[in-house]
Amino acid sequence: RRFAERARARRRLALRPLLAVLAVLVVVAGLAYVLLWSPLLVVREVGVVGLERLERPAVAELVEPAVGTPLARVDTAALEEAVEQVPLVETATVARVWPSGLEVRVVERVPVAAVADPAGGYSVVDRTGLTVLHEAEVPTDVPLVAVDLVSARPGTVEAVTRVLDGLPPDLREQVATAGGTSPDDVVLDLRSGARVVWGGAEETPVKADVLLALLQRPAAVYDVSSPAAPVTRGG
C-alpha cells in the first residue's frame, strides 16, 4: 500500500512539469489569438505628423487600407515604402500605437528652387534636383533658377542648387532668382532688387553669415565671392 502511494506521488511529481508546459502553451496560444486574429486589437486610427506642405489625405490614404487589420500583423515596412513614393516625402516611419492605432511620422523634402518646365509651369526641386512639386507659377518661398543651359558651363545648375540648399531659410526666402554662367560664377538676385555675387558653392555657410551682416547696410551689389574680403557697391 505504501509502495502504491509512493508510486502515485512520483507520477504526480512527474506530471507537474508537463502540466506547467501545457499551461504556458495555452497562455501563449491565447495571446497569439488576441494579437493576430482577435478583433480587439485591430487598427482603428491613423495619425500623421511632420506635415508642412503636404495635406494629410495624401499620406493617410496610403495607410488607411490597414484599418481593420490586427495591429500585430500590419506590415509597417510596406506602408513606409508606399508613403515614401510620394515625391515630397524624404522618409516615413510607421509605428504601432497600442491598442489600436498607427502613427506615420513624415520628413518632407525641402524645396530649394523652381526651374522652368519646357512643357509649361515650374518644377520645384530639392537639394538633389528631384522634382517634388509642379506649380503653374513660381512659388513665393523659393527662388527661380535662371541658367541658360545652352551657354552655361556643365555643373552650373548643380552649383546653384548647392548654394541655395546651403542658405539659411530666412536668407533663401529673400532670393528671387539664382543663376550663373559657370559653377564658379553663381549670382543671386534678391527680392529687394540688390544683386549678390556669390562665386562658387564652396564656403557657402561662411558666405551666408557675411552676407547677412552686409545686408544691414543698403547696397546695389554685395560681393561675397571672397568672404574674407567682401565688397559692396552702390546704395
Worksheet entry | Residue check for Thr204: touching a Leu at 6+ places or on another chain (Cβ under 8 Å) and either within 23 Å of Asp148 (Cβ to Cβ) or hydrophobic (A, V, I, L, M, F, W, C) (or both) | yes
Practice prompt. Scan Arg191, Arg109, Arg153, Arg162 and give me the residue that is in contact with a Leu (Cβ under 8 Å, 6 or more places away or on another chain) and not hydrophobic (A, V, I, L, M, F, W, C).
Written response: Arg109
Response to the item:
Only one of Gly193, Gly155, Gly129 is under 27 Å from Gln85 (Cα atoms) and small (Gly, Ala, Ser), namely Gly129
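Yes/no per residue for (1) within 18 Å of Arg195 (Cα to Cα); (2) in contact with a helix residue (DSSP H, G or I) (Cβ under 7 Å, 6 or more places away or on another chain):
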| position | (1), (2) |
| --- | --- |
| Gly120 | no, no |
| Ser123 | no, no |
| Gly129 | no, yes |
| Val132 | no, no |
| Val142 | yes, no |
| Ala176 | yes, no |
Worksheet, complete the sentence: The one condition Arg53 fails out of (1) surrounded by 12 or more Cβ atoms within 10 Å (Cβ to Cβ); (2) closer than 22 Å to Arg96 by Cβ; (3) modelled with pLDDT under 90 is (2)
Practice prompt. State which residue pairs qualify: first residue of a type in the set (S, T, N, Q) and inside the stretch 201-218, second residue surrounded by 14 or more Cβ atoms within 10 Å (Cβ to Cβ) in any location, beta carbons under 6 Å apart, and separation of 6 or more residues or different chains.
Written response: Thr204/Val163; Thr204/Gly166
Practice prompt. For the stretch 199-209, state whether one or more residues are assigned by TED's automatic domain parsing to the domain that holds Pro169 and over 16 Å from Asp165 (Cα atoms).
Written response: no
Worksheet item: Taking strands (runs of 3 or more DSSP E) that do not extend beyond the stretch 57-118, which have at least 2 residues that are more than 29 Å from Val138 (Cα to Cα) and either without any contact (Cβ under 8 Å) to a residue 24 or more places away in the chain or not hydrophobic (A, V, I, L, M, F, W, C) (or both)?
Response: 89-97, 101-108
Worksheet item: Any chance the stretch 91-100 includes a residue that's of a type in the set (Gly, Ala, Ser), surrounded by 20 or more Cβ atoms within 10 Å (Cβ to Cβ) and in contact with a strand residue (DSSP E or B) (Cβ under 8 Å, 6 or more places away or on another chain)?
Response: yes
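The values are calculated or read from the model by the stated rules, or taken from the named source; none is laboratory data. The model shown is predicted, which means the values in this text are computed figures rather than measured ones. Heads up, the Cβs are rebuilt from the backbone with ideal geometry, glycines too, and the neighbour counts pull from every protein chain shown.
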